[in-house]
Amino acid sequence: MSPDPAGTREQFRPDDHPTEHFLLTTVVGSYPKPTWLNRAKDLAEDDARAFDDDDLAEAMDDAARLITEEHVRAGLDAVADGEMRRNEMVEYFADRIEGYEFNGPVKVWGHNYFDKPSVADEVAYTEPWLVDEFEFTAGVADRPVKVPITGPYTLASWSFNEAYDSEAELAYELADLVNEEIEALVAAGARYIQIDEPALATTPDDHAIVGECLEHIADGVPDDVRLGLHVCYGDYSRIYPEILEMPVEEYDLELANGDYEQLDVFTEPAFEKDLALGVVDVHTTEVETVEEIKENILKGFEVVPPERLTVSPDCGVKLLPREVAYQKMENMVTAAREVESELDAGEIDL
């Protein structure tokens, strides 16, 4: 088999992995929260209840432990805590970045509201964002932990900018803060970090801004740390092949949702990085069978060889029923292990 082209992949292979081939299995990030965790948050906000912040912290620890162990039970090679402590992917970080403030919820669609923050002053890194979360999860899991971080372009794009001359300038400043956070995470032992940029899917022409942000983010990151970029479903032809120039080892792409209609986008020119291929659709409660997922995995080999394919859901699974999310993951892992065995046996023609 070919050596790991990025130099970061083999560290995630389990010591007792039964096959020569290895398809890294992981998640994008979010996972359904237990119903009781939402109830605990309601109790903590009710002054009439004897349920304080310490009680809520204990509940979050319990939820993070539970979901991490659920990922382990599903057989994933790199796990997360399902973002149990995070309320929303922008709000959570904005609450920890100096310069942000909140002015109340904004209606985004239908009856849904988002507590969209404002950048009212220069942003600054004054406290770690995810180190405690990572250390807790790493202490629970018996395998590598993946850390998703909302990217600076999305943090800028999904906020009101009241302090900088342009959204791009704000994004670059935020990228420097993400770099500081990654430095702290690496010091704590993190080796697999994913930058989430869902905003790029809606404004793909800004890929040059995202690329510059990633240059800031990757500056000084050790060679043994695996950096990935997750981009939600959109017109990938508007960002490819330009994204290949970005300083990440892995691109996590939502392709099952579109029935792989855009797969050909990544075949010319050749995809030179690792591909984290979405093989289950997070927008449907129908659980894909193992055979269906195996067929999806084989589609990935049209873009990259097995040693550069990561197997994951299309996106975060937080909106699915929990039992559905788990079954999708479990089937995904089973499918990957069966494909590995078939590759070893020479039963798959690459």
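The values are calculated or read from the model by the stated rules, or taken from the named source; none is laboratory data. From a predicted model like this one, the values you see are computed outputs, not experimental measurements. Don't worry about glycine lacking a Cβ; one is built from the backbone with ideal geometry, like all the others, and counts go over all protein chains shown. Surface areas here come from the heavy atoms of the whole protein model, side chains and all, with no ligands, DNA or RNA. Shrake-Rupley method; radii C 1.70, N 1.55, O 1.52, S 1.80 Å.
What to note about this one:
- Percent carbon-and-sulfur accessible area, region 5-344, ignoring ligands, DNA and RNA, probe 1.4 Å: 45
- Most mobile of R86, R96, R49 in a GNM of the chain (Cα contacts under 10 Å): R49
- Accessible-area value, F301, 1.4 Å probe, nucleic acids and ligands omitted, Å²: 40
- Among 54-60, 203-209, the order from most to least packed when residues are scored by Cβ within 10 Å on average: 203-209, 54-60
- Magnitude of the charge dipole for region 165-204, about its Cα centre and with charges confined to Cβ atoms of Lys, Arg (+1) and Asp, Glu (-1), is about 340 debye.
- Region 280-345: relative contact order in percent, alpha carbon pairs under 8 Å with at least 6 residues between: 51
- Averaged over its residues, the chain has an accessible area of 43 Å² per residue, based on protein heavy atoms and a 1.4 Å probe.
- Counted charge near E88, where neighbours are those whose Cβ lies closer than 14 Å (Asp, Glu -1; Lys, Arg +1): +2
- Cut-off under 5 Å, modelled amide H: who pairs with L24 long-range: V311
- Three-way shape call for region 214-350 based on the alpha-carbon gyration tensor, with the a/c threshold at 1.5: prolate
- Packing around the peptides 271-277, 225-231, 186-192, taken as the average count of other Cβ atoms within 10 Å per residue, puts them in this order, highest first: 225-231, 271-277, 186-192.
- The chain: DSSP helices with Cα axial extent of at least 30 Å and average Kyte-Doolittle hydropathy no lower than -1.0: 53-74, 167-188, 322-344
- Report summary: the helix-based calculation at 222 nm, which adds -39500 (n - 2.57) for every DSSP H run with n ≥ 4 and divides by the residues of the chain, gives -11000 deg cm²/dmol.
- Across the chain, Cα-Cα distances exceeding 30 Å account for 35% of all pairs.
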